[in-house]
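As structure tokens, the structure follows; a few thoughts come after it.
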Number of protein chains: 2
Amino acid sequence: MKVVVTGAAGFLGSRLADELLLNGLEKTKVTELILTDVQTPPARQDPRVTALALNLTEPTAADKLIDEKCGVVFHLAAVVSGQAEADFEFGMKANLDATRSLLEAVRHKAPTAKFVFASSVAVFGGDFPPVIDDLTCVMPQTSYGTAKAMCELLVNDYSRRGFADGRAVRLPTVSVRAGVANAAVTSFASGIIREPLNGKESICPVKKEQELWLTSPETVVKNIIHAAVVDASALGKWRAINLPGLCASVGDMVSALRSEAGDDVVSLIRFKYDEFIAKIVTSLPIRIDNSRALKLGFSVDPNFSAIVRSYMKYDLKK
Amino acid sequence: MKVVVTGAAGFLGSRLADELLLNGLEKTKVTELILTDVQTPPARQDPRVTALALNLTEPTAADKLIDEKCGVVFHLAAVVSGQAEADFEFGMKANLDATRSLLEAVRHKAPTAKFVFASSVAVFGGDFPPVIDDLTCVMPQTSYGTAKAMCELLVNDYSRRGFADGRAVRLPTVSVRAGVANAAVTSFASGIIREPLNGKESICPVKKEQELWLTSPETVVKNIIHAAVVDASALGKWRAINLPGLCASVGDMVSALRSEAGDDVVSLIRFKYDEFIAKIVTSLPIRIDNSRALKLGFSVDPNFSAIVRSYMKYDLKK
């Protein structure tokens, strides 16, 4: 199976690529893997991989990327929430128009390809019930969430019309991301664990009581791959799926870090309230009913301590 | 107040223009009225009116239409559901891209203008609860509904960012439309009343048991104008409003016609099931909770008989 990954130089895209090379698409082997990003994704010692630099906001990019042999497209490339909020035009171009171009290329060249679109819980916002389910309306309070919700609608309509076999997966906030902080407003959700474990101070811009809807990188990568495998008929009339997550407050996260790594590590976290960030984070959902996703075969992390342990085992000192 | 109406040669646009000239925006007078459509809207004997032909899918059209003095833009122009389903590209261009261009023009020239966007209950579809409310998710099963839902998201984000003061009003199926049938899949909902009253046979492509969510033209025009007047702060974090409607089955509609106009008129209705139309109509919502809209000051028709009487009084033999 020929597979394409956009955003492949990013944290999740890179993990996804590694996992696809190692374990394939559950029962299907990956025979060819195209990795693309604005910068050429890191080279891999595997003859199946082609790495190429492509700016997906350029009109011809999607056409260069997609061909008749594509079996799955994982579209992870995006401008993150903080940046899309700061630069509306660029956000819409990268998050909406580029996705639309890719869908058009799939439609005309590989309409049976699975198109896995990385959406986000940021499609929810404003007024929502205490627990969100699959019939809860989207009401994004960021331009990032707006573009994601618009793309979900496109993915659904392209699938309904047989232009593509789309699946839009709404990612919870990913923690603990390895590497460095990014411009996502939820970047701190990794930073407050990662930086202290690496002996560095970390600023938490929200209150201890703030709850978040979280997933580990391992679980979300597994789930993104599962989205390409799940039977289309099981999805019914709506191709967007709330990927499973767990709810933890910043206080819970700090406690988990304390039990796994001790007081000295925790002492490196400093609380410095940032109104811009806190306001957006407050608008994000914190509890989602996982039952549909679990029934569809997606996975969930057991608790936040397990997430911290997993980071310490696989990512720390890498 | 300078007001712009797109789709002004259409049935609703034309009614809206007449009402704006006659009664203004509730307490505000209309001092200048720009009416536009693909064909020049019919001339009116009123010095406040400028009628112009504009193809809103052309890149410069929105910029020609909007200027700094615009106080309200009523954006009614659209490709109807049947046509958007038959021609995906044209539907997206007219229903999504043209709206986006207008919003951009408003943003850069008249960001405080009210932007009233005519959306539709066709944003709902697939799985929905027995009664839809304002927190029910959209799940369009047509490309028309998809584009409308995408525009609602844009209207909301432009409003949130202060780029426009948007209001997206979801119109129930309008019945009885005067004039001739159009390519909307719900065109029959007017046809089965209008044609018999005009002595013509009319085909009903759905079953008698099929229920519809309906509004009269008078009420919906009043409500579209009210959308420009309602206080932004009352709308909260979501600028889409389900306009009030009433539920009636085709059987109820026929009974109302019988009581108002007699058996001979009703005998002109012929039932001829059309699977393409029936399938789309079945996916449309039939019961929506009117309470938020009524609280916001929108109006509702008392029953379908009143709608038939109103058509007979004001539109018949015109």
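The values are calculated or read from the model by the stated rules, or taken from the named source; none is laboratory data. These figures come from a predicted structure and were not determined experimentally. When we count neighbours, we look across all protein chains shown, and the Cβ atoms used for this are built from the backbone with ideal geometry, even at glycine. Just the protein is used for accessible areas: all its heavy atoms, side chains included, with ligands, DNA and RNA removed. Shrake-Rupley method; radii C 1.70, N 1.55, O 1.52, S 1.80 Å.
Among the residues of segment A:34-72, those that are aliphatic (A, V, I, L, M) and within 17 Å of A:R15 (Cβ to Cβ) comprise A:I34, A:L35, A:A43, A:V49, A:A51, A:V72. The set of residues in segment A:56-69 being closer than 12 Å to A:L102 by Cα and not hydrophobic (A, V, I, L, M, F, W, C) consists of A:T57, A:E58, A:P59, A:T60, A:D63, A:K64, A:D67.
Selection of segment B:158-169 for residues being open to solvent by 10 Å² or more (accessible area, probe 1.4 Å) and within 12 Å of chain A (Cβ to nearest Cβ) yields B:S159, B:R160, B:R161, B:G162, B:F163.
Given B:V138, B:V176, B:V155, which one is in contact with a helix residue (DSSP H, G or I) (Cβ under 8 Å, 6 or more places away or on another chain) and open to solvent by 10 Å² or more (accessible area, probe 1.4 Å)? Result of the check over B:V138, B:V176, B:V155: B:V138. Residues of segment A:124-150 that are closer than 19 Å to B:G145 by Cα and more than 9 Å from chain B (Cβ to nearest Cβ): A:K148 alone. Within segment A:141-179, restricting attention to residues that are among the aromatic types (F, W, Y) and out of contact with any Gly (no Cβ under 6 Å at 6 or more places or on another chain), the residue that is nearest to A:H108 (Cα to Cα) is A:F163. Just one of (1) in contact with an Asp or Glu (Cβ under 7 Å, 6 or more places away or on another chain); (2) more than 14 Å from chain B (Cβ to nearest Cβ) trips up A:T186, so point out which. Among (1) in contact with an Asp or Glu (Cβ under 7 Å, 6 or more places away or on another chain); (2) more than 14 Å from chain B (Cβ to nearest Cβ), A:T186 violates only (1). Please go through segment B:59-90 and give me each residue that is closer than 23 Å to A:R107 by Cβ and of a type in the set (S, T, N, Q), ordered by number. The answer is B:S81, B:Q83. Summed over segment B:4-40, the residues that are without any contact (Cβ under 8 Å) to a residue 60 or more places away in the chain and within 21 Å of B:S187 (Cβ to Cβ) give a count of 5. The number of residues in segment A:51-63 being surrounded by fewer than 13 Cβ atoms within 10 Å (Cβ to Cβ) and either outside the structural domain of A:L20 (by TED's automatic domain parsing) or outside any loop (DSSP other than H, G, I, E, B) (or both) comes to 1.
Applying the condition of being open to solvent by less than 40 Å² (accessible area, probe 1.4 Å) and β-branched (V, I, T) to segment B:98-123 and asking which residue is farthest from the other protein chains (Cβ to nearest Cβ) yields B:V116.
If only one of A:A306, A:A293, A:A248, A:A278 is aliphatic (A, V, I, L, M) and farther than 26 Å from A:K208 by Cβ, which one is it?
Selected residue: A:A293, the only one of A:A306, A:A293, A:A248, A:A278 that is aliphatic (A, V, I, L, M) and farther than 26 Å from A:K208 by Cβ.
Restricting the search to segment B:29-38, which residues are in a loop (DSSP other than H, G, I, E, B) and closer than 17 Å to B:T60 by Cα? The answer is B:V38, and nothing else. Test A:A78 against the criterion of being surrounded by 15 or more Cβ atoms within 10 Å (Cβ to Cβ), under 27 Å from A:I280 (Cα atoms) and touching a Gly at 6+ places or on another chain (Cβ under 9 Å), and give yes or no. Here the answer is yes, as A:A78 does meet what is asked. Here B:A256, B:A240, B:A183 are screened, and the one residue that is surrounded by fewer than 24 Cβ atoms within 10 Å (Cβ to Cβ) and under 30 Å from B:L96 (Cβ atoms) is B:A183. Taken as a whole, segment A:263-273 holds no residue that is open to solvent by less than 40 Å² (accessible area, probe 1.4 Å) and either of a type in the set (G, A, S) or without any contact (Cβ under 8 Å) to a residue 12 or more places away in the chain (or both).
For A:I203, the requirement of being open to solvent by less than 10 Å² (accessible area, probe 1.4 Å) and of a type in the set (A, V, I, L, M) is not met. Restricting attention to segment A:283-318, the residues that are open to solvent by 30 Å² or more (accessible area, probe 1.4 Å), part of a loop (DSSP other than H, G, I, E, B), aliphatic (A, V, I, L, M) and at pLDDT 95 or above total 1.
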